[in-house]
1. Determine whether segment B:211-218 contains at least one residue that is touching a helix residue (DSSP H, G or I) at 6+ places or on another chain (Cβ under 6 Å), farther than 29 Å from residue A:238 by Cα and at the interface with chain A (Cβ under 10 Å from one of its Cβ atoms).
2. Out of all the residues in segment A:159-176, which are within 12 Å of chain B (Cβ to nearest Cβ) and either closer than 17 Å to residue B:44 by Cα or part of a helix (DSSP H, G or I) (or both)?
3. Looking only at segment B:71-92, count how many residues are at pLDDT 85 or above and exposed (fewer than 15 other Cβ atoms within 10 Å of the Cβ).
4. Exactly one condition in (1) over 30 Å from residue B:283 (Cα atoms); (2) more than 11 Å from every other protein chain (Cβ to nearest Cβ); (3) touching a residue at least 60 places away in the same chain (Cβ under 8 Å) is false for residue A:80; which is it?
5. Looking only at segment B:99-150, which residues are over 20 Å from the mean Cα position of the chain (by Cα), closer than 28 Å to residue A:226 by Cα and more than 9 Å from chain A (Cβ to nearest Cβ)?
6. Could you check segment B:277-295 and list, in sequence order, the residues that are farther than 10 Å from residue A:123 by Cβ and modelled with pLDDT of 90 or more?
7. Which of the numbered conditions does residue B:273 fail, given that it passes all the others? Conditions: (1) in contact with a helix residue (DSSP H, G or I) (Cβ under 9 Å, 6 or more places away or on another chain); (2) within 12 Å of chain A (Cβ to nearest Cβ).
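The values are calculated or read from the model by the stated rules, or taken from the named source; none is laboratory data. All values reported here derive from a predicted model rather than from experimental measurement. Every residue, glycine as well, gets a Cβ built from its backbone with ideal geometry; the counts of neighbours run over all protein chains shown.
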């Protein structure tokens, strides 16, 4: 082996090693979560940690037996589903209008909406919900989640609508479609893949949201993030149950996002690259 | 269907006018309602209208209401009357050392987190810029922290940072490093939380910079190599200037959310120990929902909003300068 080849080879080995370390760092918490969720109770507090054991689904069964976990899941699904659907019905026409008429001020407004710290909206929303006797009901939760589902719908979809040639809609007008019909029958179906991806991202952020649920939900409408947080505040921390619950919450989101990964960055960055 | 376009004298295709289309539809027995025409004329206004109304309801009105609350001593129970204080709450917060402490902690956390994410994220971007087997899988691994439920992952990190049984101290024991108390130690609380933030958001910066690296033309790098540029000077004089815009954008996009970080700070330290990690966000929340000082907390919340808008405006100007170059 010549020295040049050797240097190249060492470079490749170091690169793969670094990649392995970095990947390990990002996967470590997921690894801990899954192993703890499957660990028999006796090994949970073992030190040094035990990684070879007979996996058990005991903790998952306990989570469902001891807590109304199914109703937490339903609450999360109803709130995130409604917030996403409503947000998109409102946000899609806005995205279309921005794409077709270059409404710069509307874009700026949406960016400002995304900047507002949610903590600062908790107090007015809590006081308003209290006044309307609606703490621990769905509507305030769904409405507050519009704060991010509308911006996600709008910002991600602007690009998709811009990609559709104006000529297609013009052809529809000539055939006698009204503009609304052209939007509904031409532009909307063509952006469907984008809408699905954007909806997945918006749903994920709504599903993950903790802050509004912490204040606006109660026993009847508790969502998954608040429920899993409750594991920590219980007197005796149940690490196995906590890990199982965390895995149950995270799993659907990770599956969703796996399919929408191409658009995730686009969604997070949306509006910034122009 | 409609008549085909006719050849006109000049050889250009003449498309039928919209009116002809309408006439055609009318002939088929489908008269157009007057309101459809009205809607058509005002699409530019009507399509954004629902979102404007929604923002007014979920954001505009609450902010206005909060401004009103912030001028009062406002108890959480609706049965106790509120007392008008004027700017009293604002005067109180400006003279409260706890406010200034939390402001400092907010910026300290943001600097550590975003700084770490930028350096680490750049390194990761360079690592995955190279072609290797399994690169797609590494990208998926990078997406996962960004999408996973923050509260759930914070609880796992809390478990990993447990001083006596946790995974992090176990890993440290391999390099014979002393055990740390992590977030339970007032001196280490903010760095520990920044480490968790780095875990959550480094991939975001890495993927943006990676997109930037892909825009660098291969020929430039090649010719610099032929001219004998070392890896270091290649990085300094070619890579860095060419992805500068992406770097600036990534930093802007992370700084604002970092200033508002709530989930993992609340779950892991709740602002403690000894208020060591009490950011402005946490302080606002605690005043409102632990001590039930709605008026004072509203004043804090508006101050926080103002700070974030000012920082955003400053960052936007920075970006405008970057862009023009």
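1. No, segment B:211-218 contains no residue that is touching a helix residue (DSSP H, G or I) at 6+ places or on another chain (Cβ under 6 Å), farther than 29 Å from residue A:238 by Cα and at the interface with chain A (Cβ under 10 Å from one of its Cβ atoms).
2. Just the residues of segment A:159-176 that are within 12 Å of chain B (Cβ to nearest Cβ), to begin with: A:161, A:167, A:169-176.
Within segment A:159-176, A:161, A:167, A:169, A:170, A:171, A:172, A:173, A:174 meet the criteria.
3. 3
4. Exception for residue A:80: condition (1).
5. B:99, B:102
6. Hits for segment B:277-295 are B:277, B:278, B:279, B:280, B:281, B:282, B:283, B:286.
7. If we test residue B:273 against (1) in contact with a helix residue (DSSP H, G or I) (Cβ under 9 Å, 6 or more places away or on another chain); (2) within 12 Å of chain A (Cβ to nearest Cβ), just (2) comes out false.
Residue by residue, here is whether (1) assigned to a helix (DSSP H, G or I); (2) at the interface with chain B (Cβ under 10 Å from one of its Cβ atoms) holds:
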| position | (1), (2) |
| --- | --- |
| A:10 | yes, no |
| A:16 | yes, yes |
| A:32 | yes, yes |
| A:46 | no, yes |
| A:59 | yes, no |
